[in-house]
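Colleague: Pasting in a structure now, in structure tokens, and then I'll have a few things to ask.
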Amino acid sequence: MTIREKIDSDLKEALKSGDRTGVSVLRLLKSALKNREIEKGRELTEEDILSVLSSQAKQRKESISEYEKAGREDLASKERAELAIIERYLPEQLSEEELLKLIKEVIAETGASSPKDMGRVMKTLMPRVKGRADGKVVNQKVRELLSN
């Protein structure tokens, strides 16, 4: 079953069970996927779908952070619930150890030795971690390893 089929199936289940948050989030995901499809002018690949889901998850994480700073725990918890639903369709996130191992492999592979080589490392690394790690975290870890 593709990700899109899973979203459609889960939307039907959410409608039947009266899960208002689920219905809302899944409709939003379907809309985001349709918009990206129109944007690209073709049917989306699984990779394109993961990209859309990742950006939706990232938006929720940023919103949670902002709401917490503003002391709006009610809104932050709503965003957390939405994020949990979106994360069901994303591949399992890499652990910190797995991410560091992958970064070290790419650094060795590209022969990078200083922060100046960061672009080369990121270009090779990002397709490998797409949807499985936050780009900001990856960037920070690569910078740390290249600075040592």
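Colleague: Which residue out of LYS58, LYS6 is exposed (fewer than 15 other Cβ atoms within 10 Å of the Cβ) and either closer than 28 Å to VAL138 by Cα or not hydroxyl-bearing (Ser, Thr, Tyr) (or both)?
Modeller: LYS6
Colleague: How many of the residues making up segment 90-102 are farther than 20 Å from ASP48 by Cβ and either surrounded by fewer than 16 Cβ atoms within 10 Å (Cβ to Cβ) or touching a Ser or Thr at 6+ places or on another chain (Cβ under 9 Å) (or both)?
Modeller: So the answer is 6.
Colleague: Take GLU105 and tell me if it is under 25 Å from MET122 (Cβ atoms), exposed (fewer than 15 other Cβ atoms within 10 Å of the Cβ), touching a residue at least 12 places away in the same chain (Cβ under 8 Å) and not assigned by TED's automatic domain parsing to the domain that holds LYS30. Walk me through it before giving the result.
Modeller: Numbers: under 25 Å from MET122 (Cβ atoms): yes; exposed (fewer than 15 other Cβ atoms within 10 Å of the Cβ): yes; touching a residue at least 12 places away in the same chain (Cβ under 8 Å): no; not assigned by TED's automatic domain parsing to the domain that holds LYS30: yes.
The answer is no for GLU105.
Colleague: Could you tell me whether ARG128 is of a type in the set (Lys, Arg) and in the same structural domain as VAL25 (by TED's automatic domain parsing)?
Modeller: For ARG128, the condition - of a type in the set (Lys, Arg) and in the same structural domain as VAL25 (by TED's automatic domain parsing) - is not met.
Colleague: Separate question: Tell me which of these LYS40 doesn't satisfy, since it passes every other one: (1) surrounded by 12 or more Cβ atoms within 10 Å (Cβ to Cβ); (2) without any contact (Cβ under 8 Å) to a residue 12 or more places away in the chain.
Modeller: Only one criterion is unmet by LYS40, namely (1).
Colleague: I would also like to ask the following. Considering only segment 14-23, how many residues are surrounded by 13 or more Cβ atoms within 10 Å (Cβ to Cβ) and either part of a helix (DSSP H, G or I) or of a type in the set (Phe, Trp, Tyr) (or both)?
Modeller: The qualifying residues number 5.
Colleague: Continuing with the same structure: I'd like the full set of residues that are without any contact (Cβ under 8 Å) to a residue 24 or more places away in the chain, surrounded by 14 or more Cβ atoms within 10 Å (Cβ to Cβ) and of a type in the set (D, E, K, R), limited to segment 114-148.
Modeller: ARG120
Colleague: Within segment 11-36, track down each residue that is modelled with pLDDT of 95 or more and of a type in the set (Asp, Glu).
Modeller: Within segment 11-36, GLU13 is the sole residue that qualifies.
Colleague: So, one more: Here are some conditions: (1) in the same structural domain as GLY22 (by TED's automatic domain parsing); (2) within 15 Å of the chain's Cα centre (by Cα). ASP74 meets all but one. Which one does it not meet?
Modeller: (2)
The values are calculated or read from the model by the stated rules, or taken from the named source; none is laboratory data. Nothing here was measured: the structure is a model prediction, and the numbers come from that model. Don't worry about glycine lacking a Cβ; one is built from the backbone with ideal geometry, like all the others, and counts go over all protein chains shown.
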